[in-house]
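To keep things clear, I will list the structure first and then write my remarks on it.
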Amino acid sequence: MRSALLLVALAAHVEFAAAQIYPVKAVRLIVPFAPGGSTDIVARLLAPRLSENLGQSIVVENRAGGGTTIGMDHVAKSAPDGYTLGVATLTFALNPSLFAKLPYNTEKDFAPVSLVSIVPFVIAIHPSVPARSVKQLIAVAKSKPGELNYSSSGIGSASQMAAELFKYMTGTDMLHVPYTGGGPAMIALLSGQVSLFVISIPGGLPHFRTGKLVPLGVTSARRDPTIPDVPTVAEQGLAGYELLEYQGIVAPAATPRPVINRLQQEIVKSLAAPDVRERFITSGAYVVGSTPEELGEHVRKEIATWGKVIKAAGIRLE
């Protein structure tokens, strides 16, 4: 019995000692989307200051595909040493309800670290679409069932769910055209290949300012201060419509708690820097910073909430 206790104490000491010198090499931050989307933007805004605070490089690595399952599976199966992290998004919470089987267990195979940011979306259309409000878009869609199409950053992505929720609540029919990330989906909208894309505000701002895209409605419960003249979708007759993207940092499940704590402290410290906060706000993202427990609870609530929506809408992926 005494030897067993000594072994436990020794293991705890070794774990603590390892955390004290962590990190000793570069840390990979896996973004499960192609470059150019909101999650990629947020990761690259956080990385420089987090790198400075940790004293090691943060290498942002894009691993897109499979509705984020490819990138997140890579994180789940990486060594639990704090050197491979992942960016969990709304899609991370959607997938348990969307897929009959995942290559990982969403609630058991990851250790939450910190909620980084919240990003409202906006329904954006190509200027050629004859609508300048959500009500007009509904009318156009109902007059031409199946003729309007929309892009998304991938099957099961937040952008798809936002559009599907819109279709479900309005009784409209639009064709889904999935891409491998926010960047390609945006290019499709800008070129007029698709009519609509429910895009993150950071990704859409430059194009709204130049008139290349038309913002119709913000998906949050309140108007966004970066585009205050754009009403919410709910304001325009769709009461209860709301969708927010989020970005949270997770690690493989068995990552030592002292390492998780160090990461969480440095992420929160990085996000508290005035210049970092300003860059997030300018990009349309809102800094959060949380405890691991708060991120874990947030994900659990999102899984439960969207599970009901997905079931009601009859959405299922293979």
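The values are calculated or read from the model by the stated rules, or taken from the named source; none is laboratory data. This structure is a prediction, so every number in the text was calculated from the model and none was measured. Methodologically, a virtual Cβ is constructed for each residue, glycine included, from the backbone with ideal geometry; neighbour enumeration extends over all protein chains shown. Accessible surface is based on the protein model in full, side chains and every heavy atom, while ligands, DNA and RNA are left aside. Shrake-Rupley method; radii C 1.70, N 1.55, O 1.52, S 1.80 Å.
Values for this structure:
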quantity	calculated
For peptides 41-54, 63-76, sequence by mean Cβ density within 10 Å, most packed first	63-76, 41-54
Segment 128-184 versus segment 207-272: alpha-carbon centroid distance in Å	20
Accessible area in square angstrom per residue, the chain, 1.4 angstrom probe	43
Loop-located trypsin sites (Lys or Arg not before Pro) in segment 194-252 whose Cβ has at most 12 other Cβ within 10 Å (DSSP)	Arg222
Relative contact order of the chain, defined on C-alpha pairs under 8 angstrom at six or more residues apart (%)	28
Gain upon complete extension [Ala221, Lys308; 0.36 nm per residue less C-alpha separation]	29.4 nm
0 to 90° range, to nearest 10: angle between helix 38-54 axis and the chain longest Cα axis	30
Computed helical MRE - 222 nm, the chain, DSSP H runs ≥ 4 contributing -39500 (n - 2.57), nearest 500	-14500 deg cm²/dmol
Amide H within-cut-off set for Ile30, under 5 Å, with H built and near neighbours excluded	Glu61, Leu85, Gly86, Val87
Alpha-carbon Rg/Rh ratio, for the chain, with Rh computed the Kirkwood way	1.02
Degrees, to the nearest 10: 257-272 long Cα axis against longest axis of the chain	50
Stretch gain in nm, segment Ser128-Glu278, where the contour uses 0.36 nm per residue and the Cα spacing is subtracted	50.6 nm
Ordering of 214-220, 33-39 by burial proxy (mean other Cβ atoms within 10 Å per residue, highest first)	33-39, 214-220
Rounded tilt (10° steps) of 201-210 against the dominant C-alpha axis of the chain	40
Hits among aspartates and glutamates - C-alpha to C-alpha of Lys144 under 20 Å, sequence gap 8 or more where chains match	Glu164, Asp173
Share of carbon and sulfur in the accessible heavy-atom surface of the chain [1.4 Å probe, %]	57
Within segment 289-318: backbone nitrogen closer than 16 Å to the Leu244 label point (7 Å, Cα to C-beta)	289-291, 294-306
Ordering of 224-234, 178-188 by packing [mean C-beta count within 10 Å, highest first]	178-188, 224-234
